[in-house]
Amino acid sequence: MSGQGNMDDEVVFAGADCVSLADFMASGLFQRTYAEGMQLVEETSAYLDGPGREAARALPREASLAYAGESMRLTTRLMQVASWLLVRKAVHEGEMTLEEANSEKYRLATKEIARQPRFDGAEALPARLQELIERSERLYARVERLDTRLRSVSPAIAQHHPLADQLRRVEAFFRESLATEFPRPQFGRRKHRPE
């Protein structure tokens with residue numbers, strides 16, 4: 001899958017500390033990341049259940065252990081990515097709230113696993129498995145960056161929302177109107193004097 005579109009979107013988001021889910025969805029990056037993630041899950045599953053199983057039988061002991069460890073990490077990494085993508089899709093489609101999606105339950109929980117050095121003997125693994133591992137690591141890193149930015153959306157972002165200025169003006173108008181209609185009584189207000 002070509003990474004040019006992904007790279008362009010990454011450049012757009014690179015300068016932003018945080019990104020709203022709407023911006024993320026509108027960029028097209030979600031659709032491409034979703035398609036890439038699901039395709040990689042299918043490719044990995046097909047490989048590990050077929051050619052990979054055959055290839056693993058022919059490996060020497062150290063490489064065989066590396067195969068077991070790396071394939072477990074690969075599967076875990078991809079399941080986390082797929083889960084994250086499905087949750088964000090559910091939020092976008094109104095099936096889940098943003099608060100639910102940002103809860104601990106749906107956090108990327110495999111950061112330590114994803115960043116571990118490769119197992120001894122990993123260099124002897126079949127080229128196809130190594131390719132799947134590298135692609136999964138790049139995809140996981142992208143999702144992790146996006147997750148950080150999406151989780152950083154705070155009330156501060158709301159201040160830059162296109163409607164924020166209008167809402168502030170409406171609020172100011174109502175405050176002025178209320179102050180005119182219902183002036184505050186000024187009874188017995190004493191100025192504070194320094195001791």
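Annotation: LEU125 fulfils all but one of (1) at pLDDT 90 or above; (2) farther than 28 Å from ALA56 by Cα; the unmet one is (2).
Can you confirm whether the range 63-75 contains a residue that is closer than 22 Å to SER136 by Cβ, of a type in the set (Asp, Glu) and modelled with pLDDT of 90 or more? Among the residues of the range 63-75, at least one is closer than 22 Å to SER136 by Cβ, of a type in the set (Asp, Glu) and modelled with pLDDT of 90 or more, which makes the answer yes.
If you go through the range 126-149 and keep only what is hydrophobic (A, V, I, L, M, F, W, C) and over 19 Å from ALA35 (Cβ atoms), you end up with ALA127, LEU129, ILE133. Based on what the data block shows, is GLU123 surrounded by fewer than 17 Cβ atoms within 10 Å (Cβ to Cβ), under 18 Å from the mean Cα position of the chain (by Cα) and without any contact (Cβ under 8 Å) to a residue 24 or more places away in the chain? When the stated conditions are applied, GLU123 does not pass them.
A quick yes/no check of all residues on (1) surrounded by 14 or more Cβ atoms within 10 Å (Cβ to Cβ); (2) assigned to a loop (DSSP other than H, G, I, E, B); (3) not acidic (Asp, Glu):
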position: LEU78; (1), (2), (3): yes, no, yes
position: ALA82; (1), (2), (3): yes, no, yes
position: LEU85; (1), (2), (3): yes, no, yes
position: ALA90; (1), (2), (3): yes, no, yes
position: GLY94; (1), (2), (3): no, yes, yes
position: GLU100; (1), (2), (3): no, no, no
position: LEU108; (1), (2), (3): yes, yes, yes
position: PHE119; (1), (2), (3): yes, yes, yes
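Among the residues examined, THR76 qualifies as in contact with a Ser or Thr (Cβ under 7 Å, 6 or more places away or on another chain) and either touching a residue at least 60 places away in the same chain (Cβ under 8 Å) or on the phi < 0 side of the Ramachandran plot (or both).
Name the residue that is modelled with the highest pLDDT, counting only residues in the range 5-14 that are more than 11 Å from ARG149 (Cα to Cα) and surrounded by fewer than 17 Cβ atoms within 10 Å (Cβ to Cβ). Among them, the one singled out is GLU10.
Of all residues in the range 24-36, those satisfying the criterion of being touching a Leu at 6+ places or on another chain (Cβ under 9 Å) and at pLDDT below 95 are PHE24, LEU29, PHE30, THR33, TYR34.
If the condition is being of a type in the set (D, E, K, R) and over 13 Å from the mean Cα position of the chain (by Cα), then the range 56-103 contributes ARG57, ARG61, GLU62, GLU70, ARG73, ARG77, GLU93, GLU95, GLU99, GLU100.
The values are calculated or read from the model by the stated rules, or taken from the named source; none is laboratory data. What you see is a predicted model, and the numbers here were worked out from it, not measured in a lab. Cβ: placed from backbone, ideal geometry, glycine included. Neighbour counts: every protein chain shown.
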